[in-house]
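Notes follow the structure.
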Amino acid sequence: MSTDKIRVFQVATGNLGTEMIGRIRNHPDLELVGLHCYTPEKIGRDAGEIVGMEPIGVTATGTVEEIIAAGPDVLTFHGVFPDEDLYEKVLEAGINVVTTADWITGYHRDTNHPHPSGRKVSEVIAAACERGNATFYGTGMNPGLAQILGIVHSADVAEIENVTVTESVDVSCHHSVDTWKAVGYGRPVDDPTIPESLHKYTAVFADSVYLMADAFGLELDEVTFGYELGACTEDVDLGWYFLPKGSLGANYIKYQGLVDGIPRVESHLEWQMTPHTDPAWKIKGCYITQITGDPSIYSKHMVFPRKGVDLSDPASFASIGMTVTGMPALHSLRSVVAARPGIITSADLPLRSFAGRFKL
């Protein structure tokens with residue numbers, strides 16, 4: 001493969017995008033050539049200054065035309081919610097796109113977010129890829145790498161009965177007010193709108209079930225959504241978010257892929273914003289793969305900080321979460337640029353797409 005650096009144009013500098021500016025700068029495969037921001041106050045400023053680093057010589061811009069004019073190899077999108085109009089314009093200009101926003105296979109966007117044109121979102125994106133001979137790929141930690149780990153852990157299983165991937169995490173380090181308001185955290189736990197909010201904003205995990213089923217060659221009859229809600233047993237002030245007593249402060253969500261009514265492939269979300277909820281779950285702070293079969297497998301994917309990092313600092317704790325979310329995207333960029341045009345999933349990429357890089 002070519003040793004030339006991949007020229008990257010990044011979109012957004014929220015929690016994830018802020019972390020990724022530094023990670024791109026230090027990645028041996030990558031060169032940051034541009035930054036697209038939606039906030040007017042950021043446009044015209046140096047990208048390093050925006051994210052709290054020293055100036056790096058990349059000035060934030062605010063139009064798609066400026067992205068296209070820069071001629072990057074790939075655009076990395078780290079906004080909270082997708083920008084399908086931007087995707088379409090960039091792809092048809094021949095620029096590849098890798099996104100961490102709400103996309104794994106496209107099933108969720110097609111099912112729950114109709115495109116204004118009346119077409120399926122995947123049809124719009126696929127057509128743009130064809131016009132521009134470009135590639136579109138969605139990934140992240142979960143959904144994304146967590147499911148790849150689930151698939152790989154089945155390699156030594158002779159007969160599979162069930163595969164379940166569980167994210168068991170404290171989410172209070174993810175300082176995105178818009179995200180948690182949308183999901184329903186902070187609303188009274190008996191608010192009848194919460195289940196639909198949880199489903200709407202986590203439905204991309206149905207994609208993750210379909211991704212695993214595809215890798216297993218398993219045709220699912222349906223993917224179902226189930227949930228349990230944990231109510232705060234006291235007022236919780238996180239400093240950046242307030243959860244009144246009786247409001248949603250934790251949840252357990254299941255996306256289950258069924259064959260003949262039997263769950264075969266599952267993605268679970270065990271989240272807490274605070275341990276003070278009823279019911280409460282014993283958060284394990286890791287990603288768990290459980291495979292029932294011959295033989296059965298139980299594996300924890302645990303993430304620890306670099307030596308010397310002070311986890312009593314909330315910013316350091318949050319940085320780890322953003323790093324593991326964004327790095328699967330950054331490590332994939334060279335393979336995505338080399339991939340066939342069109343919409344691809346992790347099943348289409350070579351093993352090196354999931355490999356980290358040595359610091360030599």
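The values are calculated or read from the model by the stated rules, or taken from the named source; none is laboratory data. Keep in mind that what you see is a predicted model, and the values were worked out from it rather than measured. Glycine also receives a Cβ, built like all others from the backbone with ideal geometry; neighbour counts cover every protein chain displayed. Heads up: the accessible areas ignore ligands, DNA and RNA and are worked out on the full protein's heavy atoms, side chains in. Shrake-Rupley method; radii C 1.70, N 1.55, O 1.52, S 1.80 Å.
Annotations
- Residue satisfying condition, being assigned to a strand (DSSP E or B) and over 19 Å from the mean Cα position of the chain (by Cα), within set Pro263, Pro305, Pro275: Pro263
- Yes/no for Glu41 being open to solvent by 10 Å² or more (accessible area, probe 1.4 Å), touching a residue at least 40 places away in the same chain (Cβ under 8 Å) and assigned to a helix (DSSP H, G or I): no
- The requirement of being among the polar types (S, T, N, Q) and over 29 Å from Glu159 (Cα atoms) is fulfilled nowhere in region 282-303; no residue meets it.
- If you filter region 79-136 down to residues that are among the small types (Gly, Ala, Ser), within 15 Å of the chain's Cα centre (by Cα) and open to solvent by less than 10 Å² (accessible area, probe 1.4 Å), you find that the one that is nearest to Ala69 (Cα to Cα) is Ala101.
- In region 157-185, of all residues being surrounded by fewer than 20 Cβ atoms within 10 Å (Cβ to Cβ) and modelled with pLDDT of 95 or more, the one that is nearest to the chain's Cα centre (by Cα) corresponds to Ser168.
- Pair list, Cβ under 9 Å, 6 or more apart: region 314-339 residue without any contact (Cβ under 8 Å) to a residue 12 or more places away in the chain and farther than 17 Å from Asp102 by Cβ, other residue among the charged types (D, E, K, R) and open to solvent by 30 Å² or more (accessible area, probe 1.4 Å): Ser316/Asp310
- Hits in region 58-83 (condition: part of a helix (DSSP H, G or I) and either touching a helix residue (DSSP H, G or I) at 6+ places or on another chain (Cβ under 6 Å) or of a type outside the set (D, E, K, R) (or both)): Val64, Ile67, Ile68, Ala69, Ala70
- All positions within region 290-302 that are more than 18 Å from the chain's Cα centre (by Cα) and either part of a strand (DSSP E or B) or not small (Gly, Ala, Ser) (or both): Gln290, Ile291, Thr292, Gly293, Asp294, Pro295, Ile297, Tyr298, Ser299, Lys300
- Applying the condition of being open to solvent by 10 Å² or more (accessible area, probe 1.4 Å) and part of a strand (DSSP E or B) to region 237-260 and asking which residue is farthest from Asp221 (Cα to Cα) yields Asp237.
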